[in-house]
Structures are given as C-alpha cells and as structure tokens.
Amino acid sequence: MNEVVIACQTLSDELELAMQETGCRFPVIWVESDYHNDPSQLRTKLQEEIDSQRNIDNILLAYGCCGNGLVGLRATGANLIAPRTEDCISMVLSQPGEKFERLKQTYFLTKGWMEGSKSIFVEYDRALKRYGEQRTKRLFDVMLKHYNYFMLIDTGAYNPADCLSKAEGLARNTGLKLVVAKGDIWFLKKLLTGPYDQDFCVIPKGESVNISHFGLVQKELSHQVL
Amino acid sequence: MNKKEQLLIKHVEQLNEEEVLKLSDELLKEGMAPLRLLDLVNEGMNRVGKLYESKDYYIADLIMAGLIFKQVLELDKMTAHFRVKHNNKIGKVVLGTVTGDIHDIGKDIFRGMLEANCFEVVDLGVDVPKEVFLKKCEEYQPDILGLSGVLTNTVDTMKEIVDVFKETGVRDKVKIIVGGNHLTKEVCRFIGADNFANDASSGVRICKKWMDGINESERRVIDNG
Ligand code: B12
C-alpha cells in the first residue's frame, strides 16, 4: 500500500508528533493554513493536490469537514480517507467514542492556529495599522461580541508556555479571558494507522465526498471499512 | 452612473467610513432615492466581498463594511424614509443564527438588507435553540423564518428546527429560508426549508417574491421600488 498525507499547516506540530509516536513516515504535502478562511478555495487546492498524486493507494487527509471545504472532492487516483469531524478544533478536543460539543463563547488557539498568516493575531496587528486603535477596538468588539474566552489547547505537541504571553496580550487587548485546556492527537494517530472505522470518511477511488460522508446528512450511509 | 455615484461605490470598497457617510448624506440631500443609495452601497459591499475572497481583505474589513452599511441605514434621511414606510412594511421576518453557531456577520448583513427593503425583522441573535424559534414565531406570527449558520453541522440543526415546526403542526404557517455559505439545493431539500441563499441579495429577492405572492392575495401589491 502506498500512502501519502495531505495536511493543513495548522496541524503541523500535532501531525509530526503523531508520526513520531506511531512510527509512520508517510510523505506529507503541506497546505497553507490560509485556505481555511475560504472553503471553496480550500476545495480547489486540495483537488489539485489529489489529482497530481501518482501510484498512491490511499490519500490521508489531515482535515475535518472544514466548512464543507472537503465536500465535493473527487477521489480521482486513490482512495481518500479523512477524520469524520467538523474541523481541526474538534479533532484535537474530542475524545474517542464521545460526541463532541464545542464550547460556546470560546475562540480556540493552538500554536498552529496562532502561526497562520491570517491568524487572529495578524488580523489584530493589521487592523491596528489600517484603522488605528479606536476603530480596531470597535471592530474587535463586533468580531468577538459573543466570545468571553480564548482557549489555548495543549495538544502535547508544543510547549504551551511558548504561546502564553502572546495569547495573554491579545486577550488583554480584546477584553477576553485566557484559559488553557488539554487536547489530544488520538485522531491523527488513528488517521495514520487505522483502523478506518466509523471515525473516518472513506471515499473509494472513483467516488466523491458528499456531505453524508461526514455523518451530517443520512448518518446510516456514512461509513465503509476498507 | 455619474461621478459621485462611482465615488461612493469606491469609498465603500475602500472602507472609508467617514467619506461614505458624508457623501451619502450629500447625495440624499441632493434628492437621491434611499433605495438607489442602498444599491450603490451594496455594490461597494459586493466588491469588499470579492476582495476578501481574493485575500486582499481581512475579516476586520468585512466587519468594517458591515458597520458602514449599518450607519448608512441610520442616516436621518434613511430612517425618515423607512419610518414613513413603517405602516407599509411588506412582511415580517424572524431571524437568527442556529444553536451551536455564534458566527453572525452574514446574518447581520442579511438583516440590514431586509430592513432596507421594508421588512420588519425580529432578530433573535446567535446560538438560538429550536424551542426559541418556535416560541418567537408563535408570538410574532412572521411571514418568513430565516435561519443562518456557517458551521457545517448547522445543516443538522436547521433540519431539527424545521422538523419541530412540522411536529407541532405549524410548518405551513411560515415560509422558511436558510442562509449560509455552505448550503446547496440538495442540502436545502434535506433540511426541508422552502428555499436557501448563499448571499444576502438573493435571499432578499426570494423573500420579496414570497411576499408578492402572499400580499397579492391579502392586500394590494405594495410598490416597493
Ligand atoms: C469571520 C469568521 C469568523 C469570525 C466570526 C465573527 C462574527 N462575529 O461572526 C471569528 C474570527 C470570531 C470566527 C471564529 C471561529 N470560527 Co470562523 N470563520 C469566519 C469566516 C472566515 C468567514 C465567515 C463570515 O463571516 N463570512 C462573511 C459573511 C458575509 O458570509 P456568510 O456568513 O456566508 O453570509 C452571507 C450569506 O451566507 C448570507 N446569509 C447569511 N445568513 C443568512 C441567513 C439567511 C436566512 C439568508 C437568506 C442568507 C444569509 O448573507 C451573507 C451576506 O451575503 C469562515 C470561513 C468562510 N469563508 O466561510 C470561518 C469558519 C466558519 N470558522 C470556522 C471556525 C473553525 C471557527 C472557530 C471554531 C475557530 C477557533 N479557532 O476557535 C471559531 C468559532 C468558535 C466557536 N466557539 O464556535 C470554520 C468552521 C468549520 C466548521 N466547523 O464548519 C470556518 C469555515 C473556517 C475554517 N475552515 O476553519 N470565525
């Protein structure tokens, strides 16, 4: 079996640790984090990467459904396998076998999210430059109107202490509270090793991803084991 | 389109808050019809959307565009215009972002566009559970229920909301429109809504068409320009 991983840069620390811990050294194609701001562009980019693979049996996608960014992808030359989860936040916060409920009023951070070239930190600095302090405050009051917390997720793949002061700074500027919570990389490890059970969307070569694969519509159609 | 009109669109596109408000005021004083002004501002907003898609603009810019739009609606001449029209509201919409989702930039834009087009809007805010949609619809008896959401799993939530209207036997009392970037015809059918929109203008167009149908049978068709 020939495998390749296509992964969102946001998950780089977590995926690298998962590879270390599982001993899987599949080649990885990294896709810029920016794409997650636009699900349609993400889909186009992923399709290009999928179409350019040769002699591969399984393409492992280190992505969630990501605002339907994965829906519509065609498994042109290989089977596609993706975690059956909403996005990378639910991927690192969920527990095996449990239904994940996203905390409300919370904006989630990992080192990967913080480093994105369009991260909320970059947003903030750019707004300061373009709009000045007063308008930036107005804009962020609207943006984060329904938020009370920043949650730094300790996925075990980086040292949270390295991110604390930066996160605290933004929390202070936006009037939110910073909290730290424990996350996990079990989903990524299982993506590398299998088994590809009901936790995964498995799209056999020749077929396309539709929303039912993510268990969001017609749950009973959602899984097949390879 | 004359020079000033083009300039207004440009100012919106470049998010020049003060200039937009000043020029809008001027144009209204010169006699421009409020709905014409809104069309121009809307064109500017569409361009902001494109710049966001091409990654030139950031989320803060989307929000800035929303703030500018809202302030244009709040200009004296605009509120006066809509107040006169107050008794002539063409329809009532209950609107909210569904449970589990707290994204609201899109919902707020849709709300503004509805109001600008003479709809009365009851905005229930974000993370609204199905029971609240049901209760508020009983209370306000809207013509249309609008459900907003951007997270993928809002598809399920929206279906649950439509289902609860079916179960309680009130589904046929209200038209339901769902809105969000991720929605498609197929998903809309699954949800059981009457229609869907991926952008605010087409959402408003759909609502107006419905109201034409409803109002035609109830009262004379109101010319809403
Ligand atoms: C802006 C944004 C934010 C802002 C929200 C600010 C706010 N006050 O709403 C901030 C930065 C706060 C944010 C936070 C989060 N976000 Co966000 N966010 C986005 C982003 C980039 C744009 C959404 C948006 O506002 N678009 C602009 C508006 C104008 O478009 P729209 O919503 O489609 O609305 C239009 C139409 O749909 C229509 N419309 C809208 N509603 C209605 C209703 C009706 C009835 C009708 C007819 C029409 C209609 O009219 C609008 C105007 O034309 C999207 C990506 C994307 N491009 O979709 C991610 C996205 C939605 N977010 C995402 C994520 C993961 C998050 C976070 C979890 C991230 C985090 N690190 O914590 C948090 C949420 C936390 C939580 N507890 O829930 C994911 C969701 C993935 C998923 N699960 O489906 C997305 C898809 C990005 C991604 N791929 O990662 N986000």
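Annotations for the structure displayed:
- Taken over region B:166-185, the criterion of being open to solvent by less than 60 Å² (accessible area, probe 1.4 Å), within 15 Å of the ligand (Cβ to nearest atom) and more than 14 Å from every other protein chain (Cβ to nearest Cβ) is satisfied by B:Val174, B:Ile176, B:Ile177, B:Gly179.
- Tally of residues being within 26 Å of A:Phe108 (Cβ to Cβ) and more than 8 Å from the ligand (Cβ to nearest atom) across region B:93-107: 3
- Restricted to region A:120-136, and to residues there that are more than 8 Å from the ligand (Cβ to nearest atom) and in contact (Cβ under 8 Å) with a residue 12 or more places away in the chain, the residue that is farthest from the chain's Cα centre (by Cα) is A:Thr136.
- Filter result for B:Leu35 (surrounded by fewer than 20 Cβ atoms within 10 Å (Cβ to Cβ) and either among the basic types (Lys, Arg) or within 15 Å of the chain's Cα centre (by Cα) (or both)): yes
- One residue stands out in region A:57-68 among those that are part of a loop (DSSP other than H, G, I, E, B) and within 16 Å of A:Leu11 (Cα to Cα): the one that is farthest from the other protein chains (Cβ to nearest Cβ), namely A:Tyr63.
- Members of region A:118-129 found to be facing chain B (nearest Cβ under 10 Å) and among the acidic types (Asp, Glu), listed by number: A:Glu123
- Of all residues in region A:95-114, those satisfying the criterion of being in contact with an Asp or Glu (Cβ under 8 Å, 6 or more places away or on another chain) and not basic (Lys, Arg) are A:Gln95, A:Pro96, A:Phe100, A:Thr110, A:Gly112.
- Filter result for A:Thr76 (part of a loop (DSSP other than H, G, I, E, B) and touching a helix residue (DSSP H, G or I) at 6+ places or on another chain (Cβ under 7 Å)): yes
- Residue match in region B:197-211 (condition: touching a Pro at 6+ places or on another chain (Cβ under 9 Å), within 22 Å of B:Arg111 (Cα to Cα) and more than 11 Å from the ligand (Cβ to nearest atom)): no
- From the options B:Arg111, B:Arg83, residue that is at pLDDT below 95, out of contact with any helix residue (DSSP H, G or I) (no Cβ under 8 Å at 6 or more places or on another chain), more than 10 Å from the ligand (Cβ to nearest atom) and open to solvent by 20 Å² or more (accessible area, probe 1.4 Å): B:Arg83
- Screening B:Gly100, B:Gly91, B:Gly96, B:Gly49 for residues that are within 14 Å of chain A (Cβ to nearest Cβ) and closer than 30 Å to B:Glu216 by Cβ leaves exactly one candidate, B:Gly96.
- Enumeration of residues in region A:130-155 that are assigned to a helix (DSSP H, G or I) and more than 10 Å from chain B (Cβ to nearest Cβ): A:Gly132, A:Glu133, A:Gln134, A:Lys137
- Matching residues, region B:113-159, being assigned to a strand (DSSP E or B) and either closer than 12 Å to B:Val178 by Cβ or within 14 Å of chain A (Cβ to nearest Cβ) (or both): B:Asp123, B:Val128, B:Ile144, B:Leu145, B:Gly146, B:Leu147, B:Ser148
- Annotation note: of B:Asn224, B:Asn153, B:Asn181, B:Asn198, the sole residue that is over 25 Å from B:Asn46 (Cα atoms) and modelled with pLDDT under 95 is B:Asn153.
- Meets criteria (crowded, with 17+ Cβ neighbours inside 10 Å and near the ligand (Cβ under 9 Å from one of its atoms)) for A:Leu152: no
- Meets criteria (under 23 Å from A:Glu115 (Cα atoms) and either in contact with a Phe, Trp or Tyr (Cβ under 9 Å, 6 or more places away or on another chain) or away from the ligand (no atom under 16 Å from the Cβ) (or both)) for A:Val31: yes
- Count of region A:1-30 residues which are closer than 19 Å to A:Asn79 by Cβ and open to solvent by less than 50 Å² (accessible area, probe 1.4 Å): 9
- The set of residues in region B:188-206 being surrounded by 22 or more Cβ atoms within 10 Å (Cβ to Cβ) and within 12 Å of chain A (Cβ to nearest Cβ) consists of B:Ile191 alone.
- Residue list for region B:114-159, filter: acidic (Asp, Glu) and more than 12 Å from the ligand (Cβ to nearest atom): B:Glu115, B:Glu120, B:Glu131, B:Glu138, B:Glu139, B:Asp143
- Failed criterion for A:Glu115 (all others in (1) within 13 Å of the ligand (Cβ to nearest atom); (2) within 14 Å of chain B (Cβ to nearest Cβ); (3) open to solvent by 20 Å² or more (accessible area, probe 1.4 Å) hold): (2)
- Candidate set from region A:77-105 (those that are within 14 Å of chain B (Cβ to nearest Cβ), in contact (Cβ under 8 Å) with a residue 60 or more places away in the chain and polar (S, T, N, Q)); member that is farthest from the ligand (Cβ to nearest atom): A:Ser94
The values are calculated or read from the model by the stated rules, or taken from the named source; none is laboratory data. Everything numeric in this text was worked out from a predicted model, so none of it was measured. Counting neighbours? That spans all protein chains shown, and the Cβs are built from the backbone with ideal geometry, glycine included. Keep in mind that these areas ignore ligands, DNA and RNA; they rest on the heavy atoms of the full protein, side chains included. Shrake-Rupley method; radii C 1.70, N 1.55, O 1.52, S 1.80 Å.
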